[in-house]
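Structure first, then comments.
The values are calculated or read from the model by the stated rules, or taken from the named source; none is laboratory data. Note that the coordinates shown come from a computational prediction; the quantities given were computed from them, not determined experimentally. Here the Cβ positions follow ideal geometry from the backbone for every residue, glycine too, while neighbour counts run over all protein chains shown. Quick note on the areas: whole protein, heavy atoms, side chains included, nothing else; ligands and nucleic acids left out. Shrake-Rupley method; radii C 1.70, N 1.55, O 1.52, S 1.80 Å.
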Amino acid sequence: MMKDERWNGVYSFEDSPFIMEVLTELRDKETDSISFRKGLVKLGRYMGYELTKTMEFEKIKVETPLEETEGVVAKDRRNVVIITVLRAAIPLMEGLIKVFESARVGIISASRGKAPKFEIEMKYVKVPQITPEDTLIVADPMIATGSTLVKVLEEVKKYGTPKRTIVLGVLAAPEGIERIKKEHPEVEIFVTKIDRELNKKGYILPGLGDAGDRAFGAPIKVSMLPQMHTLD
């Protein structure tokens, strides 16, 4: 885990060969949807393991079959709320829940409009109560302009004040990090890697494309008009 000196509370995992190998597979345009989803699950799980290193723990006494010894309990690991930003974050959440098996899970459907306005629309919000003992993890693979996450963070504040607020993603652009830290300076950000920049359409470069489309397939628009059938 590496601290980025440009911002307070921003970390990447560029020092982890395993995580970088998974990221390399995700970047490859030839990686199919099944492998892409599995890669996101892997990243969620292993980044979750790394997050536990930043959590508080307490020492306890435990009896082995032979004698008493000292052990640890990571209390923070049992007080976690994971917010899944639909739809690309579903596999990330699946990986995280393997580490934080007691986590309560919230879901927010938030979509970003086209450039240059990048307006954010939230259609579905289901968030559990958040307590002062909780570590709140907002999972979203791509931190691009930061617009979506700024809105999501504003929304979840309505449900309580946690001990810590963490944004966890696969890739981030400097522009997105700047936006989040400006609006929510207390938020910690953990990503596999911070990429170079955004293009004019708001995509991260070199990036990995649209994470949702690559994981689940590109959506199609279907007419909602009733189908007319002629009966002979």
* Only one residue in VAL99, VAL22, VAL81 is of a type in the set (Val, Ile, Thr), closer than 22 Å to LYS181 by Cα and either touching a Leu at 6+ places or on another chain (Cβ under 7 Å) or touching a residue at least 24 places away in the same chain (Cβ under 8 Å) (or both), so which one is that? -> VAL81
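May I ask you to list the residues in the range 167-183 that are in contact with a strand residue (DSSP E or B) (Cβ under 8 Å, 6 or more places away or on another chain) and open to solvent by 10 Å² or more (accessible area, probe 1.4 Å)? Step through it out loud before you land on a result.
Looking only at the range 167-183, we keep the residues that are in contact with a strand residue (DSSP E or B) (Cβ under 8 Å, 6 or more places away or on another chain), and these are 167-177, 180-181.
Across the range 167-183, the qualifying residues are PRO174, GLU175, LYS181.
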* Asked: Applying the selection to the range 9-52, what residues are under 27 Å from ASP76 (Cβ atoms), among the acidic types (Asp, Glu), out of contact with any strand residue (DSSP E or B) (no Cβ under 7 Å at 6 or more places or on another chain) and part of a loop (DSSP other than H, G, I, E, B)?
  -> none
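Conditions (1) within 25 Å of THR161 (Cα to Cα); (2) touching a Pro at 6+ places or on another chain (Cβ under 8 Å), marked per residue:
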| residue | (1), (2) |
| --- | --- |
| GLU58 | yes, no |
| THR64 | no, no |
| VAL81 | yes, yes |
| VAL85 | yes, no |
| GLU94 | yes, no |
* To do: Please tell me if ARG164 is among the basic types (Lys, Arg), modelled with pLDDT of 95 or more and surrounded by 14 or more Cβ atoms within 10 Å (Cβ to Cβ).
  => yes
